[in-house]
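Single-structure report; data block below.
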Amino acid sequence: MMQSDFAYMISPAMFERFVLPDLTARCNHLDHSFYHLDGKGQIRHLDLLLSIGRLRGIQWIPGDGQPPPQEWLPLLKRIRGGGKLCQVFVSPEGARTIVKNLGGRGFLFVIQPVSAADFRNPEEAQAFLKTLAEEDSSL
């Protein structure tokens, strides 16, 4: 997982000059590189990130005080449309929303239970995965 917290504070032109060459070089040495896109201030760099051929994926973190990932469907669609995998930290319902609207292909869901009652045993987790597969709009 690569990141540049500094990128939140700079323009796309500065990102292209100071950050992109380093990210590209690192991607050329990694087999499974991901970029930690941290907060809405980094969205302006997404097109440059999508242009890195060996970058495998984007981890989208909306940031404190922002809506959860499932409320950023156009952004998630852009990431997937740009040929990159997309990792998001979501609630079970958040995963269902994404799967229903965009499909599950190319997503890595880190599902964070809302309560202790979520996924109390392997059977409940398996049933949830079955529900996701049934609701997947990409299948």
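The values are calculated or read from the model by the stated rules, or taken from the named source; none is laboratory data. Please read these numbers as outputs of a predicted model, since none were measured by experiment. With ideal geometry, Cβ positions are generated from the backbone for all residues, glycine too; neighbour counts draw on all protein chains shown. Remember, those area values only see protein heavy atoms, side chains included, never the ligands or the DNA or RNA. Shrake-Rupley method; radii C 1.70, N 1.55, O 1.52, S 1.80 Å.
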Using the heavy atoms of the protein chains alone and a 1.4 angstrom probe, what is the accessible area of the chain per residue in square angstrom?
-> 56
Determine Rg/Rh for the chain; Rg is computed over alpha-carbon atoms and Rh is the Kirkwood hydrodynamic estimate from the same atoms.
-> 1.01
Summed residue charge, Cβ within 12 Å of Lys40's Cβ, Lys/Arg positive, Asp/Glu negative | -2
Of Asn121, Asn28, Asn101, the one that fluctuates the most in a GNM where the chain has Cα springs shorter than 10 Å = Asn121
Counted charge near Glu135, where neighbours are those whose Cβ lies closer than 15 Å (Asp, Glu -1; Lys, Arg +1) | +1
In straight Cα distance, which lysines are under 20 Å from Lys77, not counting same-chain residues fewer than 8 positions off?
-> Lys40, Lys100
Relative contact order for the stretch 27-139 using alpha-carbon pairs under 8 Å, separation at least 6, rounded to a whole percent?
-> 21
With charges only on Cβ, +1 for K and R and -1 for D and E, what is the dipole size of the chain about its Cα centre, in debye, rounded to 20?
-> 460
So what does log10 I(q)/I(0) come out to for the stretch 1-41 at q = 0.19 Å⁻¹, using the Debye formula with one equal point on every Cα and no solvent?
-> -0.55
Calculate, in nm to one decimal, what Asp64 and Ala133 gain on full extension: separation in residues at 0.36 nm each, minus their alpha carbon distance.
-> 21.8 nm
At a 1.4 Å probe, what is the % contribution of carbon and sulfur to the accessible area of the chain?
-> 54
Two-site label geometry, Lys40 and Ala25: point separation in nm, points 7 Å out along Cα→Cβ = 3.4
